[in-house]
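J.: For reference, the structure I am asking about is given below.
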Amino acid sequence: MSNYSKQTNWGQFIPLVTVFFFWGFVAASNDILIPVFQKAFKLSQTESMLVQICFYVAYTVGSLIYMAVSKGLKQDLINKIGYKNGLIIGLLISAAGTLLFYPAANMASFPLMISGLFIVGLGFSLQQIVANPLAIEVGPSETGSQRLTMAGGINNLGTTIGPLIVSFAIFGAASANNTEASIESVKIPYLMLGAAFVLVAIMLKFSSLPAITPTNTKDTDDAIPGDHKTSAFQYPQLVMGMIAIFVYVGVEVSTASNLPAYMEKSLGFETKDVAPYISLYWASLMIGRWTGAVDAFDVNAGFKKILRFLAPYLAFGVFLLVNAIAKHDLSPFYVYGVVIIVMIICDIMSKGNPARMLLIFSVAGIVSLLTGMSTTGMVSVYAFTSVGLFCSTLWPCIFALAINGLGKHTNQGSGYLIMMIMGGGIVSFIQGYIADKTNIHFSYIVGVVCFAYLAFYAIRVTGILKSQGIDLDKISKGSGH
């Protein structure tokens with residue numbers, strides 16, 4: 001890709017990251033819809049999981065549609081319509097999905113409800129294909145992955161506050177003690193969300209984002225010199241990166257999905273008391289991403305050092321504030337501030353190199369999981385929760401390494417990577433199956449295997465890129481966050 005700006009273009013980047021916020025907002029808010037739908041439609045636990053299945057499978061289906069259309073056009077779809085139009089179309093598709101909530105609520109139709117979520121996910125799929133490489137593109141390549149991490153931090157702001165806002169819209173204030181929610185109460189917040197999609201689409205239309213895809217300007221732009229490959233699949237860094245995205249999303253989602261069952265069955269927690277710890281897990285991703293995004297700012301080195309310690313605790317403060325508003329007891333969480341120091345040390349050790357960061361954070365993730373598996377009580381809970389800290393920067397690391405050197409195949413490669421988000425559901429299912437056969441404590445071995453592959457990829461991709469003549473020093477000046 002050609003970076004058309006030597007400095008981060010904040011006028012383009014800020015409207016872009018609003019779509020990252022929406023992804024997190026909706027994904028986390030689905031956790032509120034599941035119990036509402038389960039009670040209203042008298043669903044079994046398995047049937048209620050159709051909410052997540054429809055939403056996450058939509059990413060894969062959307063990517064397949066994107067590839068099929070591109071093949072039919074005999075040209076990459078995004079290269080044809082441009083970044084800006086791609087984002088706008090994706091937002092309008094998602095907005096159309098939210099419209100289904102109105103007739104679905106009136107008809108009390110669960111199939112129509114999850115169809116709406118599926119369409120929202122289809123729109124998100126196109127947005128992801130466009131927005132991830134574009135976040136790297138709106139500035140110098142040296143800080144591209146930090147911008148992607150910063151966008152991820154905004155995504156996790158959505159995951160942190162989304163459930164709170166949707167819960168308030170459906171149930172009212174926590175002090176009201178309202179535990180009943182009719183299907184009618186669901187349609188208004190999602191119609192408002194659809195209106196927000198349309199509003200952002202209009203904002204993007206008049207923004208300074210490029211209408212024409214930069215990778216359209218040269219067929220071999222940023223590709224390996226002398227390389228004339230005809231498909232993104234011919235690049236080993238991408239193929240191995242697809243597996244890396246699959247297992248990364250898998251370990252991220254499965255760790256959180258199985259934590260409630262562990263705390264309830266093994267530690268005797270009540271379901272209502274688990275919620276703050278799940279909130280802490282997702283906030284941990286925000287903590288790590290805010291830390292990793294520091295290098296994206298054009299400030300002096302001394303101030304960056306200060307920000308590297310300030311940013312994670314600022315994000316931690318957001319978590320505390322959100323839970324204080326929700327009237328949760330904050331005293332069990334203050335000790336987590338010590339755990340955050342470990343993540344900061346890992347960040348400093350990475351020296352901004354994406355491959356080194358992927359290796360260090362994957363090893364730290366393995367240590368966290370093994371610590372959780374070998375201990376009990378709150379030590380194990382904080383160990384499992386800290387996995388969020390070490391998952392936080394892995395998406396941009398993998399993404400930046402996987403699409404490096406793809407040139408005109410970058411958007412195609414991005415589509416393949418987005419397709420592998422389905423790992424979140426499949427790996428969670430595998431861990432659940434192992435938990436049923438053994439116990440929930442041991443089932444976290446699945447996450448250890450996932451992190452082990454990520455560590456392997458970090459080592460292997462370094463050799464692959466060097467063998468292709470790609471200057472790793474160019475992307476190692478901070479593109480690993």
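The values are calculated or read from the model by the stated rules, or taken from the named source; none is laboratory data. As the structure is a computational prediction, the values presented were derived from the model and not from experiment. Positions of Cβ are backbone-derived with ideal geometry, glycine not excepted, and every protein chain shown enters the neighbour counts. SASA here: full protein model, heavy atoms, side chains in, ligands and nucleic acids out. Shrake-Rupley method; radii C 1.70, N 1.55, O 1.52, S 1.80 Å.
J.: When Tyr313 is evaluated against the numbered criteria (1) in contact with a Ser or Thr (Cβ under 6 Å, 6 or more places away or on another chain); (2) open to solvent by 30 Å² or more (accessible area, probe 1.4 Å); (3) closer than 16 Å to Ile154 by Cα, which criterion, by number, is the only one it fails?
T.: (1)
J.: Looking at this structure, is Tyr262 closer than 21 Å to Val367 by Cβ and assigned to a helix (DSSP H, G or I)?
T.: yes
Conditions tested, residue by residue: (1) in contact with a strand residue (DSSP E or B) (Cβ under 9 Å, 6 or more places away or on another chain); (2) at pLDDT below 85; (3) open to solvent by 10 Å² or more (accessible area, probe 1.4 Å).
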position	(1), (2), (3)
Asn439	no, no, yes
Ala455	no, no, yes
Lys466	no, yes, yes
Asp471	no, yes, yes
Ser476	no, yes, yes
His481	no, yes, no
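J.: Also: Would you point out which residue out of Thr385, Thr410 is over 24 Å from Lys229 (Cβ atoms), β-branched (Val, Ile, Thr), in contact with a helix residue (DSSP H, G or I) (Cβ under 8 Å, 6 or more places away or on another chain) and surrounded by 21 or more Cβ atoms within 10 Å (Cβ to Cβ)?
T.: Thr385
J.: Among the residues of segment 311-337, which ones are assigned to a helix (DSSP H, G or I) and free of Cβ contacts under 8 Å to residues at least 40 places away in the same chain?
T.: Ala311, Pro312, Tyr313, Leu314, Phe316, Gly317, Leu320, Leu321, Ala324, Ser331, Gly337
Residue-wise test of (1) in contact with a Pro (Cβ under 6 Å, 6 or more places away or on another chain); (2) modelled with pLDDT under 90; (3) more than 30 Å from Met357 (Cα to Cα).
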{"position": "Ile88", "(1), (2), (3)": "no, no, yes"}
{"position": "Pro111", "(1), (2), (3)": "no, no, yes"}
{"position": "Leu122", "(1), (2), (3)": "no, no, yes"}
{"position": "Ile129", "(1), (2), (3)": "no, yes, no"}
{"position": "Leu148", "(1), (2), (3)": "yes, yes, no"}
{"position": "Ile154", "(1), (2), (3)": "no, yes, no"}
{"position": "Ile161", "(1), (2), (3)": "no, yes, no"}
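J.: While we're on this one: Out of the residues in segment 319-337 that are hydroxyl-bearing (Ser, Thr, Tyr) and over 23 Å from the mean Cα position of the chain (by Cα), state the one that is most open to solvent (accessible area, probe 1.4 Å).
T.: Only one residue fits best here, namely Tyr334.
Per-residue answers, yes or no, for (1) at pLDDT 95 or above; (2) open to solvent by 30 Å² or more (accessible area, probe 1.4 Å); (3) part of a helix (DSSP H, G or I); (4) within 24 Å of Val251 (Cβ to Cβ):
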| site | (1), (2), (3), (4) |
| --- | --- |
| Met286 | no, no, yes, yes |
| Lys304 | no, yes, yes, no |
| Val339 | no, yes, yes, yes |
| Cys346 | no, no, yes, yes |
| Met349 | no, yes, yes, yes |
| Phe361 | yes, no, yes, yes |
| Val367 | yes, yes, yes, yes |
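J.: For the structure I just gave you, tell me whether Glu270 is crowded, with 20+ Cβ neighbours inside 10 Å and of a type in the set (D, E, K, R).
T.: no
J.: Still on this structure, please answer the following. Evaluate the following for Thr255: is it at pLDDT 85 or above, open to solvent by less than 70 Å² (accessible area, probe 1.4 Å) and more than 26 Å from Met113 (Cα to Cα)?
T.: So Thr255 passes the test.
J.: While we're looking at this one, here's another question. With surrounded by fewer than 18 Cβ atoms within 10 Å (Cβ to Cβ) and assigned to a helix (DSSP H, G or I) as the only criterion, which of Ile78, Ile88, Ile93, Ile53 stands out?
T.: Among Ile78, Ile88, Ile93, Ile53, only Ile53 is surrounded by fewer than 18 Cβ atoms within 10 Å (Cβ to Cβ) and assigned to a helix (DSSP H, G or I).
J.: Those residues that are open to solvent by less than 60 Å² (accessible area, probe 1.4 Å) and touching a residue at least 12 places away in the same chain (Cβ under 8 Å), I need them from segment 96-107; list them, please.
T.: Ala96, Gly97, Thr98, Leu100, Phe101, Ala104, Ala105
J.: Could you figure out which of (1) of a type in the set (S, T, N, Q); (2) buried (at least 24 other Cβ atoms within 10 Å of the Cβ); (3) over 19 Å from Phe333 (Cβ atoms) isn't true of Ser374?
T.: Answer for Ser374: the failing condition is (2).
J.: Which members of segment 364-379 meet the condition of being among the small types (Gly, Ala, Ser), in contact with a helix residue (DSSP H, G or I) (Cβ under 7 Å, 6 or more places away or on another chain) and touching a residue at least 24 places away in the same chain (Cβ under 8 Å)?
T.: Ala364, Gly365, Gly372, listed by residue number.
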